[in-house]
Ligand code: HEM
C-alpha cells in the first residue's frame with residue numbers, strides 16, 4: 001500500500017488538476033487503499049464508472065459514526081459525528097428529509113429566481129465598475145453573489161454574514177482543536193433556532209418561514225432540527241458556489257480562447273461552460289466519503305463490509321473513458337454527465353440553484369467587463385488546500 005495520505009495536495013504548477021498521486025492511481029491502480037490522518041485505510045475509487053456505481057449502490061452508507069468512515073481530519077470527524085444532517089443520513093431517514101426539501105429546490109423554482117439573481121449580479125458589477133482598481137473578485141463578487149442569494153432564499157439576514165461566514169470557515173478548516181469547530185457550529189445552530197422561532201411568530205416569504213409554519217407549528221420538527229437543516233443549506237449554499245465563481249473565472253482568464261467563446265453571454269454556450277468548469281475543477285476535494293455495509297466488488301477488487309470508501313470525483317471527471325481529452329478545458333464539450341455534484345441519492349440538492357447562479361455570473365461578468373484580466377500573473381495566485389472545497393483566496397482583477 002502507498003504511504004500517501006488523503007487528501008493529497010494538487011501540484012503547484014497544475015493548480016486546476018487533481019492531485020498527481022490521484023491521477024497516477026486512476027491510471028495504474030484505480031481501486032486501491034490510502035492512508036488517512038487517523039490511521040484509517042479506506043479504498044480510493046478513482047474511475048468514472050466505478051465512482052458512479054458506488055455512489056448509486058444502496059449497500060453503501062454515509063453513516064459518519066461507523067468506525068471505518070473516512071474522516072479527512074479531526075474537524076471533519078467532530079463535525080460529522082456530532083451534527084447529523086441530510087449528508088450523514090441513510091434511507092429511510094434520508095428519504096424523508098430529502099422529500100421535504102426537494103420541492104423547494106426544483107429546476108423550475110430555481111429558474112424563477114433568475115431575474116433576482118441577475119439583479120444581484122448586476123448591482124455587484126456596478127459597484128466594482130464604480131470602485132477603485134484592482135479589486136479582489138473573491139471579496140467583491142464571488143462570495144457576495146451566492147451569500148446574498150442563499151440569505152434571501154432561507155430568510156437569513158445578509159447583515160449577519162460576518163458571523164455565519166466565520167463559522168463556515170471554521171467548519172471547513174483543518175484545525176488542531178476540533179472543539180472550536182463544534183462550538184462554532186453550536187453558536188450558528190442557536191442563532192438559527194432563534195430565527196426559526198421568530199419566523200414562526202412572524203412568517204415571511206422564505207424557506208425557514210415555510211419550515212417554521214409547516215414543520216414546527218405542526219409538531220413535525222423542532223426548531224433545533226430545522227436549524228440543523230438551515231445550517232447545512234447556509235454553509236453548503238455559499239462557499240461552494242463562491243469557489244466555483246472565482247476558480248471558474250481564473251480558468252477562463254488562463255484560457256483566453258475559451259473565454260472568447262463565452263464573452264458575449266450566449267445562454268446555451270454559457271450553460272455548456274458551467275458544466276465544463278464544474279467537471280474540470282471538481283472543487284469538493286475531500287471527495288465523496290462512504291462506508292460499505294456489505295461486501296462489494298468494485299472494479300474487480302473486493303471491498304469488505306465495514307471498510308471505508310472515498311469516491312474520487314476529481315479523477316472520475318478526468319477519466320478519458322467518459323470525457324475525451326479530459327485535461328483540456330473545452331466549453332463546447334458535452335460535459336453534463338460529470339459527477340461534480342455527486343451522484344445517486346445524495347446528489348447535490350442545491351445543483352439547480354448553483355447552475356442558475358453560475359450561468360448568470362459567467363453570462364454577465366465577461367459581457368459587462370469584456371477586458372477583465374488578472375492584476376497579477378496567474379502563477380502567483382494562492383489556493384486553499386485545507387478547505388473542504390478547493391478555492392482561490394484572492395483574485396485581484398483590473399479591466
Ligand atoms: C451535496 C457539490 C452547491 C446543498 C453535495 C454533494 C456534492 C456537492 C459533491 C454530494 C456529497 C456526497 O455525495 O457526499 C456542490 C457544488 C456546489 C454546490 C460543487 C456549487 C457549485 C450547493 C448549494 C446548496 C447545496 C448552492 C444549497 C442550496 C447541498 C446539500 C447536499 C449537497 C443539502 C446534501 C444532499 C444529500 O445528502 O442528500 N453538494 N454543491 N449545494 N449539497 Fe451541494
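The values are calculated or read from the model by the stated rules, or taken from the named source; none is laboratory data. Bear in mind the structure is a predicted one, so any value in this text is a computation, not a measurement. Please note: Cβ atoms are built from the backbone with ideal geometry, for glycine as well, and neighbour counts cover all protein chains shown.
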Sort through 260, 295 and tell me the only one that's closer than 20 Å to residue 49 by Cβ and over 16 Å from the mean Cα position of the chain (by Cα). 295
Which fully enclosed helices (runs of 4 or more DSSP H) of the stretch 193-277 have 3 or more residues being within 16 Å of the ligand (Cβ to nearest atom), modelled with pLDDT of 95 or more and more than 29 Å from residue 14 (Cα to Cα)? 207-211, 223-254
Counting just the residues of the stretch 95-108 that are within 11 Å of the ligand (Cβ to nearest atom) and within 19 Å of the chain's Cα centre (by Cα), which one comes out nearest to residue 346 (Cα to Cα)? 98
Sort out which residues of the stretch 61-82 are touching a helix residue (DSSP H, G or I) at 6+ places or on another chain (Cβ under 6 Å) and either at pLDDT 95 or above or assigned to a loop (DSSP other than H, G, I, E, B) (or both), and write them in order of number. 62, 64, 65, 71
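Mind telling me which of the residues 292, 268, 254, 273 ends up being surrounded by fewer than 23 Cβ atoms within 10 Å (Cβ to Cβ) and within 29 Å of residue 19 (Cβ to Cβ)? First the steps, then the outcome.
Numbers: 292 fails: surrounded by fewer than 23 Cβ atoms within 10 Å (Cβ to Cβ); 268 fails: within 29 Å of residue 19 (Cβ to Cβ); 273 fails: surrounded by fewer than 23 Cβ atoms within 10 Å (Cβ to Cβ).
Selected residue: 254, the only one of 292, 268, 254, 273 that is surrounded by fewer than 23 Cβ atoms within 10 Å (Cβ to Cβ) and within 29 Å of residue 19 (Cβ to Cβ).
Being away from the ligand (no atom under 16 Å from the Cβ) and assigned to a strand (DSSP E or B) is the filter here; which residues of the stretch 299-319 pass it?
Of the residues in the stretch 299-319, the ones away from the ligand (no atom under 16 Å from the Cβ) are 299-307, 319.
Passing the criteria: 301, 302, 303.
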Go through the stretch 179-188 and give me each residue that's touching a residue at least 24 places away in the same chain (Cβ under 8 Å) and either outside any helix (DSSP H, G or I) or crowded, with 20+ Cβ neighbours inside 10 Å (or both). 181, 185, 188
Among the listed residues 55, 100, 44, 36, which satisfies the condition of being surrounded by 15 or more Cβ atoms within 10 Å (Cβ to Cβ) and more than 18 Å from residue 292 (Cβ to Cβ)? 100
Taking the stretch 155-165, which residues are assigned to a helix (DSSP H, G or I) and crowded, with 21+ Cβ neighbours inside 10 Å? 164
Cβ-Cβ distance below 6 Å, separation of 6 or more or different chains: which pairs start in the stretch 343-370 with a residue that is over 24 Å from residue 258 (Cα atoms) and end on one that is in a loop (DSSP other than H, G, I, E, B) and within 7 Å of the ligand (Cβ to nearest atom)? 347/341; 348/341; 348/342
Look at the stretch 352-385 and say how many of its residues are buried (at least 16 other Cβ atoms within 10 Å of the Cβ) and within 19 Å of the chain's Cα centre (by Cα). 12
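Looking only at the stretch 320-364, how many residues end up being within 16 Å of the ligand (Cβ to nearest atom) and either assigned to a helix (DSSP H, G or I) or over 18 Å from residue 247 (Cα atoms) (or both)? Write out each step before concluding.
Looking only at the stretch 320-364, we keep the residues that are within 16 Å of the ligand (Cβ to nearest atom), and these are 335-363.
Pick out the ones that are also either assigned to a helix (DSSP H, G or I) or over 18 Å from residue 247 (Cα atoms) (or both) and you get 336-337, 342-363.
Number satisfying all stated conditions: 24.
From 311, 305, which residue is free of Cβ contacts under 8 Å to residues at least 60 places away in the same chain and closer than 30 Å to residue 28 by Cα?
Numbers: 311 fails: free of Cβ contacts under 8 Å to residues at least 60 places away in the same chain.
Just one listed residue meets the conditions, 305.
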Between a residue in the stretch 50-62 that is within 21 Å of residue 72 (Cβ to Cβ) and any residue that is part of a helix (DSSP H, G or I) and within 14 Å of the ligand (Cβ to nearest atom), which pairs come within a Cβ distance under 6 Å, given they are 6 or more apart or on different chains? 51/316; 55/344; 60/54; 62/88
Testing residue 138 on (1) more than 21 Å from the chain's Cα centre (by Cα); (2) touching a residue at least 40 places away in the same chain (Cβ under 8 Å); (3) more than 12 Å from the ligand (Cβ to nearest atom), one condition comes back false. Which one is that? (1)
Breaking point among (1) under 21 Å from residue 23 (Cα atoms); (2) touching a helix residue (DSSP H, G or I) at 6+ places or on another chain (Cβ under 9 Å), for residue 308: (2)
